[in-house]
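Undergrad: Sharing a structure below in structure tokens format, with a few things to ask.
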Amino acid sequence: MLLPEQERTLTELLAALIDQEAAKVLVPPYANAAGYWFGGGNVARDDHGRLWLVGRYRNEGDARSGVAKGVRGLELGLFISEDGGERFTKIRSWSKADLSMAERPVLSIEGAALHPCDTGWELFVSTEKAVAYPDEVGPFQKPGTGVWSMDVFTGPSPDRLDERTLDPVFTATPDPRYLHVKDPVVFDRADGATVLVFCSHPFCWTSVNSGYAVRPAGARSFAVLDWEMVGRGPTWDVAGTRVTCRMSVPRLGVFAAAPPMSVYFYDGLECVRALDQNPHGVQRPRGYSCEELGGAGYGLDAEFPRIERLSKLRPLFVSPHGTGCSRYVSVLVDDAGMLATWQQGQEDGSQPLVGLRLTTEEIGRIINTG
């Protein structure tokens, strides 16, 4: 457990990093209207100091009735920045057809993650594929929908990623309790193993869980070690926790003598269905009925996956605009400081990718004076 001073300082750092008012738009969606988004990815730095950003474009559609009402998650985009994240330029994209296999056509695209590795780069992507539900829960599948799963493809550099190397990450049919698997978060352990955190939904779409799998150093495949690495929260996040990022805590100031620890950003929700709110009570953003509001927890690296919540009673990150959406937080830590990106709701209903950088000096001031 953190000491009170450490918890206060860490909360202050996160508030400065995910400053809803100070953030600027990095990648707009294709339209300034409800149902149009960009986000759900991460930023990674290469050996030349260039920043690479991946995310998916989502256009209007309705997941409850299949993709027939709109194109929804239509494109995975890759962007480059050569000025430290001030501007990102799109250089590549992959359509649903590009990410399809003959026996598993893709219906929609969601979360993705770039990961530098010993052999070059990997790009993990989650897609909804035209796959039938297991017979025992078949009646729950709505027309025009499929099953979410994750694949990976590789290349010597981000701009040379080759979709022809596309390979499933999980090949076995998931348990109906964790039928839909998506939204990868990837990081390396000190022993050389690669950890893949993912979220899952049951066949009935009533909750969201976070699990993790591990690929030992030198191995090709992942093994799931826990389908529910984080227990559901007791209040605003009781219906689920979707981990979106792991960020190392700087070992400065009040953390200088602490063992290595990390912050885990997550999207939570109180109810998957629309909330029936009492008109005489506190009115909550629509995000309370979807994975649209952001929280955070922390954990000692040696005790992973144990996570203690910082957002116990309410979310930490809520957009001041529109539905309140603030989700898919991802943070890059580099020599210049921290670059945070997230999907933020706007008054027009759109959700662009916004970002904010804290310099090493700003981080130092917060941590050393906390």
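Undergrad: Pick out the one residue from L310, L300, L339, L356 that is within 26 Å of A239 (Cβ to Cβ) and either β-branched (V, I, T) or at pLDDT 95 or above (or both).
TA: L310
Undergrad: Please give the number of the condition D276 fails out of (1) acidic (D, E); (2) surrounded by fewer than 18 Cβ atoms within 10 Å (Cβ to Cβ); (3) under 14 Å from K182 (Cα atoms).
TA: (3)
Undergrad: Next question, about the same structure. Only residues that are in contact with a helix residue (DSSP H, G or I) (Cβ under 8 Å, 6 or more places away or on another chain), polar (S, T, N, Q) and not in a loop (DSSP other than H, G, I, E, B): list them for the stretch 315-358, please.
TA: Residue satisfying the conditions is S326 alone.
Undergrad: Let me ask something else about it. Counting only residues that are assigned to a strand (DSSP E or B) and among the aromatic types (F, W, Y), which one in the stretch 74-96 is farthest from the chain's Cα centre (by Cα)?
TA: It comes out as W94.
Undergrad: Tell me yes or no: at least one residue of the stretch 194-206 is surrounded by fewer than 22 Cβ atoms within 10 Å (Cβ to Cβ), among the polar types (S, T, N, Q), in contact with a strand residue (DSSP E or B) (Cβ under 6 Å, 6 or more places away or on another chain) and modelled with pLDDT of 95 or more.
TA: yes
Okay, residues lined up against (1) within 18 Å of the chain's Cα centre (by Cα); (2) among the basic types (K, R); (3) under 22 Å from L2 (Cα atoms):
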{"site": "Y264", "(1), (2), (3)": "yes, no, yes"}
{"site": "L275", "(1), (2), (3)": "no, no, no"}
{"site": "P279", "(1), (2), (3)": "no, no, no"}
{"site": "R284", "(1), (2), (3)": "no, yes, no"}
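Undergrad: Got at least one residue in the stretch 227-240 being surrounded by 16 or more Cβ atoms within 10 Å (Cβ to Cβ), assigned to a loop (DSSP other than H, G, I, E, B) and out of contact with any strand residue (DSSP E or B) (no Cβ under 7 Å at 6 or more places or on another chain)?
TA: Scanning the stretch 227-240, I find no residue that is surrounded by 16 or more Cβ atoms within 10 Å (Cβ to Cβ), assigned to a loop (DSSP other than H, G, I, E, B) and out of contact with any strand residue (DSSP E or B) (no Cβ under 7 Å at 6 or more places or on another chain), so the answer is no.
Undergrad: For the stretch 153-172, check the following and say yes or no: at least one residue is touching a helix residue (DSSP H, G or I) at 6+ places or on another chain (Cβ under 6 Å) and either free of Cβ contacts under 8 Å to residues at least 60 places away in the same chain or more than 17 Å from W94 (Cα to Cα) (or both).
TA: For the stretch 153-172, residues touching a helix residue (DSSP H, G or I) at 6+ places or on another chain (Cβ under 6 Å) and either free of Cβ contacts under 8 Å to residues at least 60 places away in the same chain or more than 17 Å from W94 (Cα to Cα) (or both): absent.
Here's the yes/no breakdown for (1) buried (at least 20 other Cβ atoms within 10 Å of the Cβ); (2) at positive phi:
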| position | (1), (2) |
| --- | --- |
| V282 | no, no |
| G287 | yes, no |
| E292 | yes, no |
| E303 | no, no |
| R306 | no, no |
| R309 | yes, no |
| V318 | yes, no |
| G324 | yes, yes |
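Undergrad: Would you please name the residue that is farthest from T194 (Cα to Cα), looking only at residues in the stretch 84-137 that are of a type in the set (A, V, I, L, M, F, W, C), surrounded by 13 or more Cβ atoms within 10 Å (Cβ to Cβ) and in contact with a helix residue (DSSP H, G or I) (Cβ under 7 Å, 6 or more places away or on another chain)?
TA: Selected residue: V137.
Undergrad: Across the stretch 326-338, what is the number of residues that are surrounded by fewer than 20 Cβ atoms within 10 Å (Cβ to Cβ) and either within 17 Å of the chain's Cα centre (by Cα) or under 17 Å from C199 (Cβ atoms) (or both)?
TA: Count: 1.
Undergrad: Residue under question is D167, and the condition is that it be closer than 20 Å to P116 by Cβ and not aliphatic (A, V, I, L, M); does it hold? Talk me through it step by step, then tell me what you get.
TA: Numbers: closer than 20 Å to P116 by Cβ: yes; not aliphatic (A, V, I, L, M): yes.
So D167 fits the description; yes.
Undergrad: Here's another thing I want to ask about it. Determine if the stretch 252-260 includes at least one residue that is in a strand (DSSP E or B), out of contact with any Cys (no Cβ under 7 Å at 6 or more places or on another chain) and β-branched (V, I, T). Walk me through it before giving the result.
TA: Pass one, the stretch 252-260, residues in a strand (DSSP E or B): none.
Looking for residues that are in a strand (DSSP E or B), out of contact with any Cys (no Cβ under 7 Å at 6 or more places or on another chain) and β-branched (V, I, T), one finds none in the stretch 252-260, hence no.
Undergrad: Just to be sure before I move on: is W148 among the aromatic types (F, W, Y), surrounded by fewer than 20 Cβ atoms within 10 Å (Cβ to Cβ) and modelled with pLDDT of 95 or more in the structure I sent?
TA: No.
Undergrad: Of the residues in the stretch 296-314, how many are outside any loop (DSSP other than H, G, I, E, B), aliphatic (A, V, I, L, M) and either touching a Gly at 6+ places or on another chain (Cβ under 9 Å) or closer than 18 Å to Q20 by Cα (or both)?
TA: Summing the residues that are outside any loop (DSSP other than H, G, I, E, B), aliphatic (A, V, I, L, M) and either touching a Gly at 6+ places or on another chain (Cβ under 9 Å) or closer than 18 Å to Q20 by Cα (or both) in the stretch 296-314 gives 1.
The values are calculated or read from the model by the stated rules, or taken from the named source; none is laboratory data. It should be emphasised that the depicted structure is a prediction, and the values quoted were computed from it without experimental measurement. Heads up, the Cβs are rebuilt from the backbone with ideal geometry, glycines too, and the neighbour counts pull from every protein chain shown.
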